[in-house]
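The values are calculated or read from the model by the stated rules, or taken from the named source; none is laboratory data. Quick caveat, the model's predicted, so the values are computed rather than measured. When we count neighbours, we look across all protein chains shown, and the Cβ atoms used for this are built from the backbone with ideal geometry, even at glycine.
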């Protein structure tokens, strides 16, 4: 069967633009080449341990964030990235091409999935291509996730798997593998990267119900059926390591055990909100002159297309059920991020906004019908900011918990 050329060209355009941009960002961030492997590689180490029949880590260097429990060392991050790494360690050993496979390959899948969603919503191909690229390269995803260190791996996969799940739920044109069911499976895998993404489930259910008038009861049953296997395995994995199905290991990190308020607390809200919403970069006489606080800067500086999606959610009319579910996901996930102690995580922009980008994308896809020149200009401005961050990241002073950012120079 011959595939029409017009059907292939948009995906070729996504590939032609995204690959060189990803590779440029990788090199700017310190990557060593196409087959780069980041040394901050807890997912790879976890996969190597699985290969040898172990749940704990065989080696735990001091420079990694490692949970200590019962006299053993454990990966404190959710396991979906390690599932991706498992076949790679079988092929490549400990130096896997994690940035190429774990980051870029999934970015391209997410770009294609977003294109499918936007076309289903009535966007013309050029608009769908432009908006899809904007949600990757005009957001914190680009500034944060070009290289497969452990934080980028989890956040990137969480975003990409959620985007892929959305494509199945919004397309919703069949049953079985062609229906919305796989969308719930991909969401469950996304939860295995970023647990707060479970709060996007009501949005998936609303989309499933509204895109084909499927009763909510049937949609919910489908969600349970497709999400249960990954959910049960995730709970069993946590239980076997830490004695609790809900414990990933974060509470057993050395710095977390020293927090009097705990990892999630209203005490963290003022600090996080300040850096997420109002902290601006500073101009200094020392190079690179424009300094971004590595404890976080206002998210809207490098996520303009996400802001456009939020504007659409608040002020443009579209399906009430989808709008309500999107608002629920935005508020609950956002509140969880702001209550989480994140002072020790050096970042450009406010990287936790990545977990909200799928919600913003849905709002954008439903609130608008095309990617306008004005939207493109805003996305380009954020792209430039992100590119700057990738270029100067190594020269920016890094935040030190309890002491703040060291003085320039």
> If we scan segment 357-368, do we find a residue that is part of a loop (DSSP other than H, G, I, E, B), surrounded by 21 or more Cβ atoms within 10 Å (Cβ to Cβ) and in contact with a helix residue (DSSP H, G or I) (Cβ under 8 Å, 6 or more places away or on another chain)?
Replying inline: yes
>> As an exercise: evaluate residue 285 against (1) crowded, with 17+ Cβ neighbours inside 10 Å; (2) outside any helix (DSSP H, G or I) and give the number of the one condition it does not meet.
In response: (1)
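Look through 129, 117, 84 and report the one residue that is within 28 Å of residue 229 (Cα to Cα), assigned to a helix (DSSP H, G or I) and more than 16 Å from the chain's Cα centre (by Cα). Please lay out each step first, then the result.
Numbers: 129 fails: within 28 Å of residue 229 (Cα to Cα); 84 fails: more than 16 Å from the chain's Cα centre (by Cα).
Among 129, 117, 84, only 117 is within 28 Å of residue 229 (Cα to Cα), assigned to a helix (DSSP H, G or I) and more than 16 Å from the chain's Cα centre (by Cα).
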>> Going by what's in this entry, would residue 158 be described as buried (at least 20 other Cβ atoms within 10 Å of the Cβ), in contact (Cβ under 8 Å) with a residue 60 or more places away in the chain, in contact with a helix residue (DSSP H, G or I) (Cβ under 8 Å, 6 or more places away or on another chain) and over 21 Å from residue 115 (Cα atoms)?
In response: no
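Results for (1) closer than 24 Å to residue 122 by Cβ; (2) part of a helix (DSSP H, G or I), shown as yes or no for each residue.
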{"residue": "148", "(1), (2)": "no, no"}
{"residue": "154", "(1), (2)": "no, yes"}
{"residue": "167", "(1), (2)": "yes, yes"}
{"residue": "189", "(1), (2)": "no, yes"}
{"residue": "200", "(1), (2)": "yes, yes"}
{"residue": "209", "(1), (2)": "yes, yes"}
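Considering segment 232-261 alone, what residues qualify as being part of a helix (DSSP H, G or I) and over 18 Å from residue 72 (Cβ atoms)?
232, 233, 234, 235, 255
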>> If I ask for residues that are assigned to a helix (DSSP H, G or I) and within 18 Å of the chain's Cα centre (by Cα), which ones from segment 302-331 would you list?
In response: 304, 305, 306, 307, 309, 310, 326, 329, 330, 331
>> Return the residues of segment 30-75 that are more than 17 Å from residue 92 (Cβ to Cβ), more than 25 Å from the chain's Cα centre (by Cα) and not in a loop (DSSP other than H, G, I, E, B); say none if nothing qualifies.
In response: 68, 69, 72, 73
>> Residues that are under 14 Å from the mean Cα position of the chain (by Cα), surrounded by 24 or more Cβ atoms within 10 Å (Cβ to Cβ) and closer than 21 Å to residue 351 by Cα: does segment 165-185 have at least one?
In response: no
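Residue-wise test of (1) within 24 Å of residue 192 (Cβ to Cβ); (2) at pLDDT below 90.
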site: 239; (1), (2): yes, no
site: 244; (1), (2): yes, no
site: 249; (1), (2): yes, yes
site: 277; (1), (2): no, no
site: 288; (1), (2): no, yes
site: 292; (1), (2): no, no
site: 299; (1), (2): no, no
> Given the structure, is residue 15 surrounded by 17 or more Cβ atoms within 10 Å (Cβ to Cβ), in a helix (DSSP H, G or I) and either touching a helix residue (DSSP H, G or I) at 6+ places or on another chain (Cβ under 6 Å) or touching a residue at least 60 places away in the same chain (Cβ under 8 Å) (or both)?
Replying inline: no
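Only one of 24, 60, 67 is crowded, with 23+ Cβ neighbours inside 10 Å and either farther than 20 Å from residue 394 by Cα or at pLDDT 95 or above (or both); which?
67
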>> Can you pull out every residue in segment 87-96 that is crowded, with 18+ Cβ neighbours inside 10 Å and not in a helix (DSSP H, G or I)?
In response: 96
